[in-house]
Structure formats: C-alpha cells, structure tokens
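Colleague: The structure that follows is given in the form of structure tokens.
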Amino acid sequence: MDHNKLTEFLGRFTSDLAATNAAGSVVIGHRLGLYRSLAEGPATPEEFAQRTGCDPRYLAEWLRGQAAGGYVGYDPGTGRFSLTEEQAFCLAAPDGPNLPAAFLLALGMLRAEPRITEAFRTGAGVGWHEHHEDVFVGCDAFFRPAYVAQLVTSWIPALEGVEAKLAAGARVADVGCGLGSSSALIAQTYPRSTVLGSDYHAESIALASERAAQAGLSDRLGFEVSGADTFTGADYDLVTMFDCLHDMGDPLSAARRVREALAADGTWLLVEPFAFDRVEENLTPVGRLYYSASTFLCVPNALSQPGGSALGAQAGEARMRELVTEAGFTRFRRAAETPFNLVYEVRP
C-alpha cells in the first residue's frame, strides 16, 4: 500500500464528508435568509441574532462552520463574520446564481435514498413526482438564474432566425417546463409571442399557472399537464426543452412528437447537461455532480416511465444527434455551450 496515496484519499474523503455535512447548514441559511442578512454587513453572533431574530448560540455554530468552509469570512480581531462581494453575489443576491438552491435540491433528492437503494435491487423506477417538494422547488430556483443569464442573451440569438420570429410573434411550446420559469422568461421577453408550457407533473403545472397569473402573463402564457410525447398544438415556430429530455423513459417518442408539432421551418431548442461522449472524459467535478444527481433523479425517473430508455444526465452529443436523427430531423448542431450545459439547434 502506498501511504502517500492513502493519505491523499483520506484527505479527499474528509473534504467530501465535510461538504456533505455542511449542506444542511447551507439550506438553513437559505430558508432563514441568513446569507441575505449577513450581506448587510459584518456581525458578531450576538449582533447577528439581533438582526435576524434567531438564537445566538445556533448562529455562532452556523457562522463558524460557514467560515471553515470558506462561505463566509471571519475577523479574529473583532469576532465578526462577513460576506465578500463575491460570496454575497453567489449566496444572497436576488440576481445571483442562488447556489444555496442547489443544496436544497440535493437534500431533497437524498430524502429518497431508501427508495433508490431498493430500486438498485429491483430495477424499478422512482418517478419525479414521488420525490420531496424540495426537489421541484430547488431545481427551479437553481436552474432559473442560468436561464435568466443565458436564454435570451445567448442561446436564442445563437439560433438561426429564431429571435426575429419571437420578436414578431411566434408560437412556442416549452416541453418539460417544470415550474415554468423558462416559459415565463420567453413570454416576458417576447410579448408578441404565445407560449404553452407542459409537464407531466401536475403540482408543478399548478404552481407555474399561479406564477404566470401573478406576473400578468396569462394572456400569452398557458400551461397544461401532459407528457413530452402528448403535448398539444401544432405549427410551432419554436419548441424548447431545458435539461429534461434525458429524464424521459421514451425520449425517441418525445423527439418524434416535437418533429410532428413543429412548423416546416420551425426550430427545436434542446438544452442538455454538459457531457462528453466518452465516460473517461466525464470523470470530472461537473461529471461527478451530474452522475450523482442522475443516479437519484434522472435514471430512476426514466425507468418509472414506459419506454425503457434511461439516457442519464451524461448522455453526450453523439447520442443526442443519433436520437434526433432517428426521430426524423435532418439538421443538428451545437449552437452554444456553458460549463454546465450544451445547447443544440435541431431542425426538420
């Protein structure tokens, strides 16, 4: 045994375990607004208690743990904790990436561990709708900032002729829309266009409809409960799918339904998790993140549905090209990418 390698591995384990244990504290900070409050300025635990209305002893332990993980700063001279501008942007800013939501999603999916463990033995699926509500809310809250930052500024402009169609007034279907953040963003940005969001999860669609009404978008944004292979309508100028095709039990049928629903010169905007085609290329921190989530969410959900396919979150571009070609599309290209997503333009 190489003791240097052993020490290195144990160090990695300690870091992983510490991060795992810290996830709950991040979610507490998210739920109680502690990051937002700390962004107002440095504070001792006692001062922070006055500011937040929370117990000072709990806050002291929370702040120390956050400082140990590098999520907040600590000044030993004053005993005060604080957030840098960068930390505040990531953890507390309304227009930031909302990183705590990712931990909310992670803790939500981990609640299903007993069922996932049993599914390993039986091969049975566990549907998206069977997870804790933190999965749905956390997923929307974490993915929404990326869509806000990229969708109308980068992804749609990267598609041939689509932005002009949307500005003039187009028909859009947002398939697998979840809580409808992507649908609402398109409807808000392009008021002459109409958008139909669809998802098989009724609770998500109910919340999406409620949010659309509150935002005053109901005149051009509607929602329906339907699967990706049964969403209604035809002659769509644009069909979108955000981080969901790989979750489906029958992605080929979904792709064929998109082909059927598109106008002759329509476009399918397909956004999937960033992945290389070879397993060894995905053995990275981002790959680890996606494989872990896929084990608990994507693959179990796909196996719970008819079709028997389970692409998983790291399917890769070659597999996507193969699938859409089999569905009858003739044009496929990578239109854009981020460290976390690949953006494909698919056309008849």
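The values are calculated or read from the model by the stated rules, or taken from the named source; none is laboratory data. Keep in mind that what you see is a predicted model, and the values were worked out from it rather than measured. Methodologically, a virtual Cβ is constructed for each residue, glycine included, from the backbone with ideal geometry; neighbour enumeration extends over all protein chains shown. When the accessible area is computed, the model is the full protein with side chains, heavy atoms only, and any ligands, DNA or RNA have been set aside. Shrake-Rupley method; radii C 1.70, N 1.55, O 1.52, S 1.80 Å.
Colleague: If I ask for residues that are within 19 Å of Tyr236 (Cα to Cα) and outside any helix (DSSP H, G or I), which ones from the stretch 322-342 would you list?
Modeller: Ala327, Gly328, Phe329, Thr330, Arg331, Phe332
Colleague: Condition test on Thr78, is it part of a helix (DSSP H, G or I) and of a type in the set (Val, Ile, Thr)?
Modeller: no
One line per residue, one yes/no per condition, for (1) touching a residue at least 60 places away in the same chain (Cβ under 8 Å); (2) open to solvent by less than 90 Å² (accessible area, probe 1.4 Å); (3) under 23 Å from Leu289 (Cα atoms); (4) over 27 Å from the mean Cα position of the chain (by Cα):
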residue	(1), (2), (3), (4)
Lys5	no, no, no, yes
Glu8	no, no, yes, yes
Asn21	no, no, yes, no
Gly53	no, yes, no, yes
Gly70	no, yes, yes, no
Asp75	no, yes, no, yes
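Colleague: Grab the helices (runs of 4 or more DSSP H) fully contained in the stretch 229-321, keeping just those with 1 or more residues being open to solvent by 40 Å² or more (accessible area, probe 1.4 Å) and aliphatic (A, V, I, L, M).
Modeller: 285-293, 299-303
Colleague: Among the residues of the stretch 25-51, write down those that are surrounded by fewer than 18 Cβ atoms within 10 Å (Cβ to Cβ) and part of a helix (DSSP H, G or I).
Modeller: Ile28, Arg31, Leu32, Arg36, Glu46, Glu47, Ala49, Gln50, Arg51
Colleague: Then there is this: In the set Ser182, Ser198, Ser204, which member is in a helix (DSSP H, G or I), in contact with a Ser or Thr (Cβ under 7 Å, 6 or more places away or on another chain) and crowded, with 24+ Cβ neighbours inside 10 Å?
Modeller: Sole residue among the options that is in a helix (DSSP H, G or I), in contact with a Ser or Thr (Cβ under 7 Å, 6 or more places away or on another chain) and crowded, with 24+ Cβ neighbours inside 10 Å: Ser182.
Colleague: Among the helices (runs of 4 or more DSSP H) confined wholly to the stretch 88-154, which include 2 or more residues that are closer than 23 Å to Leu185 by Cα and of a type in the set (Val, Ile, Thr)?
Modeller: So the answer is 133-150.
Colleague: Out of all the residues in the stretch 155-166, which are in contact with a helix residue (DSSP H, G or I) (Cβ under 9 Å, 6 or more places away or on another chain), part of a helix (DSSP H, G or I) and either open to solvent by 30 Å² or more (accessible area, probe 1.4 Å) or without any contact (Cβ under 8 Å) to a residue 60 or more places away in the chain (or both)?
Modeller: Once the filter is applied, which keeps residues that are in contact with a helix residue (DSSP H, G or I) (Cβ under 9 Å, 6 or more places away or on another chain), part of a helix (DSSP H, G or I) and either open to solvent by 30 Å² or more (accessible area, probe 1.4 Å) or without any contact (Cβ under 8 Å) to a residue 60 or more places away in the chain (or both), the stretch 155-166 yields only Glu163.
Colleague: Checking the condition surrounded by 11 or more Cβ atoms within 10 Å (Cβ to Cβ) and over 22 Å from Ala141 (Cβ atoms), which residue from Leu17, Leu63, Leu104 passes?
Modeller: None of the others qualify; the one that does is Leu63.
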